[in-house]
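Novice: Structure below; questions to follow.
The values are calculated or read from the model by the stated rules, or taken from the named source; none is laboratory data. These numbers were taken from a predicted model, which means no experiment stands behind them. Side chains included, ligands, DNA and RNA excluded: accessible areas come from the protein's heavy atoms. Shrake-Rupley method; radii C 1.70, N 1.55, O 1.52, S 1.80 Å.
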Amino acid sequence: MVLLIYHYTLIDSLPDSSGSDRDDAVEIGASAIMNGENPWSQNTMLDNPITTGPSNMIFSLPSVFLTGKVNLMSFIMWLVFLSFLIAGDLYKQ
């Protein structure tokens, strides 16, 4: 399961894979925050205004800082989620 999730996030971040406009909005917004700019004054690759909330951009700052993509954050969150499931199962036993 972990390999499948990692593979999906890796494939989605390839240069020829455009991802989605929402991914692009979070990446551009997080980069703008790191540069001290207003994230909502930017446009996405489809020339749409950024409408994602501040929590998405702030939460993805480490991933965008390290890789320039938001995909790493998805992989980390899946690992955290699976860890909670496994820990809960072990706790019941």
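Novice: Over the heavy atoms of residue 64, what accessible area does a 1.4 Å probe trace out, to the nearest 10 Å²?
Specialist: 10
Novice: Counting only heavy atoms of the protein chains, get the accessible area per residue of the range 31-93 (1.4 Å probe) and round it to a whole Å² value.
Specialist: Accessible area per residue, the range 31-93: 71 Å².
Novice: Could you pull out every residue, at least 5 positions away or on a different chain, whose amide H is within less than 5 Å of the one on residue 50? Hs are placed 1.01 Å off N in the peptide plane, and Pro or chain starts have none.
Specialist: Sorted by chain and number, the residues that satisfy this are 42, 44.
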